[in-house]
Amino acid sequence: MAAFAIVMMVCLVLIHGGQCKGLFNAAEALHKAKDAENGDVGPDVKAFNVLDYGAKPGGKTDSSINFRRTFEAACNFHGDAMMVIPEGEFLMGPVLFSGPCSNPSLLIIQVNGIVKAQPNMAYYRGGGDDDTDWITFQAIDGLIVSGRGIFHGQGSQVWGFNDCARKSNCVRLPATLKFIKVTDAIIRGIKSIDPKGFHIMISMSRNFRIFSVDLQAPGDSPNTDGIHMSKSDLVKISKTVIATGDDCVSMIHGSTNISIKKVICGPGHGFSIGSLGHYDDEADVSGIIVKNCSLRETDNGVRIKTYKTDSPSKASGIIFQDLIMTRVRNPIIIDQEYGNTKYSQPSKVRISDVHYINIRGTSASKVAVDLLCSASNPCQGIHLDNVNLQYAGPPNDDMPFSSNCRNARVAYHGFQSPPPCR
């Protein structure tokens, strides 16, 4: 009650010119996102249609400036607003949708059309925070992106320029959707196809929910992470399908209180925490739960990876639970020598309090549990509880089905297949 009273007092102060969205109600926001997908938002929400601001359907004419003008009109409206991308095909280069907005409630972006990215990399500067990505939402408090529409990154035309497999300091290709400094957001129902880089990127954001999203790219598309996040808190991902060429979900430095449930992953590289230890002064990672998910023929299952650098940080309070794996390579892996084995110093990232609970299915590798931890900072509090994996790889491999542990303090509970480390 005290918090509500404070919010109301602030609203009274701001009501003659500012904005006040009040306390975020997740259930109400999710219901509103569903209504927005169906176009049932009520007469109190003013619609701002990109067609009214000059956007051209047909997919031949660049509508970047028209989309931006539509967003600015909706964002600056002192009332409930919805930006409408109707059915049709639209071509667009890099666009920044920047707040703060003046709406008293969450700004809605209704996507029912097909939005295609300019394929030519000349439209994207790259290498920095500006114009690196395709569609960027920035500094918005209260946002819904919902609908049955498609964002098509046309990435197949530029994947050949990706040199990250050969260069550690490569310039990443543009993400399809980037959210930076966004709070209280719902992403629901949309589909992303063939991004140039990541499908969805979230940074410096809080209270983010992603539901019933479909992310698709070929299994050999480079660095096309499904959902990539950093320096963000309270992110929930649920009932989503991710088939891509890199991590289905990747959580790097500063990711806290992340929930991933009922996600189907594959092809791809599985669910990854890291890489960590890549930058100086990295924030810790904590409070991660991956539950009730399935992985099919992915390169990894659940992975924690850190570089062998002198950048200290912590990764703790991590739960991988009730996961089904089908012919997954490296189902359970901690790799603290990721990417730079030539360096002699051990990783300074401390990994602790990690729980693997009820993991079952099949492994395409003979080493199904591989825990390679730091010599100077051994993994602490690693718990394997009821792990039931069976080998389903090449039949002519005579190596035993096994676990491998180095510098890891592991406790076992219940059934274990492969057998525990000695």
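The values are calculated or read from the model by the stated rules, or taken from the named source; none is laboratory data. Predicted, not measured: the structure shown is a model, and the values here were computed from it. Cβ atoms come from the backbone with ideal geometry, glycine included; neighbour counts cover every protein chain shown. To get the accessible areas, we keep the full protein, side chains included, count just its heavy atoms, and leave off ligands, DNA and RNA. Shrake-Rupley method; radii C 1.70, N 1.55, O 1.52, S 1.80 Å.
When you scan segment 298-321, how many residues do you find that are part of a strand (DSSP E or B) and either touching a Gly at 6+ places or on another chain (Cβ under 6 Å) or under 17 Å from Val369 (Cβ atoms) (or both)?
10
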What is the one condition in (1) in a loop (DSSP other than H, G, I, E, B); (2) within 12 Å of the chain's Cα centre (by Cα) that Pro195 does not satisfy? (2)
Which ranges mark the strands (runs of 3 or more DSSP E) fully within segment 240-297 that have 3 or more residues being at pLDDT 95 or above, in contact with a His (Cβ under 9 Å, 6 or more places away or on another chain) and within 17 Å of Ser221 (Cα to Cα)? none
Among the candidates Lys34, Lys60, which residue alone is of a type outside the set (A, V, I, L, M, F, W, C), within 22 Å of Phe211 (Cβ to Cβ) and either surrounded by 22 or more Cβ atoms within 10 Å (Cβ to Cβ) or in contact (Cβ under 8 Å) with a residue 12 or more places away in the chain (or both)? Lys34
Any strands (runs of 3 or more DSSP E) falling wholly within segment 341-422 and containing at least 1 residues that are open to solvent by 60 Å² or more (accessible area, probe 1.4 Å) and either touching a Pro at 6+ places or on another chain (Cβ under 7 Å) or not hydrophobic (A, V, I, L, M, F, W, C) (or both): 349-363, 379-391, 402-406, 408-417
Close pairs (6 angstrom Cβ cut-off, 6 or more residues apart or separate chains): in contact (Cβ under 8 Å) with a residue 24 or more places away in the chain in segment 293-322, part of a loop (DSSP other than H, G, I, E, B) and of a type in the set (Lys, Arg) anywhere: Asp299/Arg329; Asp310/Lys348; Pro312/Lys348
Restricting attention to segment 259-293, which residues are under 22 Å from Lys366 (Cβ atoms) and open to solvent by 20 Å² or more (accessible area, probe 1.4 Å)? Gly266, Pro267, His269
The residue that is most open to solvent (accessible area, probe 1.4 Å), considering only those in segment 211-258 that are among the small types (Gly, Ala, Ser) and farther than 17 Å from Phe151 by Cβ, is Gly219
Here the qualifying pairs (Cβ atoms under 7 Å; residues six or more apart or on different chains; first in segment 400-416 and more than 14 Å from Asp370 (Cα to Cα) and among the small types (Gly, Ala, Ser); second open to solvent by 40 Å² or more (accessible area, probe 1.4 Å) and part of a strand (DSSP E or B)) come out as Ala411/His383; Gly414/Asp385; Gly414/Asn386
Picking from Val349, Val354, Val328, the residue that is closer than 22 Å to Thr244 by Cβ and out of contact with any Lys or Arg (no Cβ under 6 Å at 6 or more places or on another chain) would be Val328
Yes or no: Ile319 crowded, with 22+ Cβ neighbours inside 10 Å and within 24 Å of Ser275 (Cα to Cα)? no
Might you let me know whether segment 152-169 holds any residue that is crowded, with 20+ Cβ neighbours inside 10 Å and assigned to a helix (DSSP H, G or I)? yes
Go through (1) without any contact (Cβ under 8 Å) to a residue 40 or more places away in the chain; (2) among the hydrophobic types (A, V, I, L, M, F, W, C); (3) surrounded by 18 or more Cβ atoms within 10 Å (Cβ to Cβ); (4) not in a strand (DSSP E or B) for Phe208 and report which single condition fails. (4)
